[in-house]
Amino acid sequence: MPERSIPALRAAIAAHAPQLLADFEANWRDKIADTYDIGAAPAFLARWWAEYALARDPGLDDHVRDLETRAAESADPDKAKALLEEAAQIHHRVSRLGPGE
């Protein structure tokens, strides 16, 4: 993981997960650049930190997306909840990664 800053994260996304770059840039403009709301920067960084952490591990990213898709398609609320809880645990784990990990 890069240094925990928006410029470092943007550079890492551009270099290692370019498929995320257009969404990252659009979200940056929508949440911060166009609104001048720098108070939104911590939430922006947290969201994209986790997105990048997943994207650098395609197998884990696919697994999380599969869990979320299966939950959305499930007719069983308990099964859907369990699938979403597993996905949330993974999101939480990767969001806690530090620079260099």
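Condition check: of a type outside the set (A, V, I, L, M, F, W, C) and in a loop (DSSP other than H, G, I, E, B). Does PRO42 satisfy that?
No; evaluated as a whole, the condition is false for this residue.
Given the criteria within 19 Å of SER95 (Cα to Cα) and either loosely packed, with under 11 Cβ neighbours inside 10 Å or over 15 Å from the mean Cα position of the chain (by Cα) (or both), does PRO2 qualify?
Judged against the criteria, PRO2 is not a match.
Just one of GLY98, GLY59, GLY39 is of a type in the set (Gly, Ala, Ser) and under 17 Å from ALA8 (Cα atoms); which is it?
On inspection, the qualifying residue turns out to be GLY98.
What are the pairs, 6+ residues apart or on separate chains, where a residue within region 34-57 that is at pLDDT 95 or above and acidic (Asp, Glu) has its Cβ under 9 Å from a residue that is surrounded by 15 or more Cβ atoms within 10 Å (Cβ to Cβ) and in a loop (DSSP other than H, G, I, E, B)?
If the second residue must be surrounded by 15 or more Cβ atoms within 10 Å (Cβ to Cβ) and in a loop (DSSP other than H, G, I, E, B), the pairs left are GLU51/ALA17.
If you check every pair at least six apart or on different chains, which have Cβ atoms under 7 Å apart with a residue in region 79-101 that is closer than 16 Å to ALA55 by Cα first and a residue that is assigned to a helix (DSSP H, G or I) and aromatic (Phe, Trp, Tyr) second?
Going by the 7 Å Cβ cut-off, the qualifying pairs are SER95/TRP49.
Just the residues that are surrounded by 14 or more Cβ atoms within 10 Å (Cβ to Cβ), among the aliphatic types (A, V, I, L, M) and more than 23 Å from LEU97 (Cα to Cα), please, taken from region 5-43.
ILE32
The values are calculated or read from the model by the stated rules, or taken from the named source; none is laboratory data. Computed from a predicted model, the values in this text were never measured in an experiment. Neighbour counts run over all protein chains shown; Cβ positions are idealised from the backbone, glycine included.
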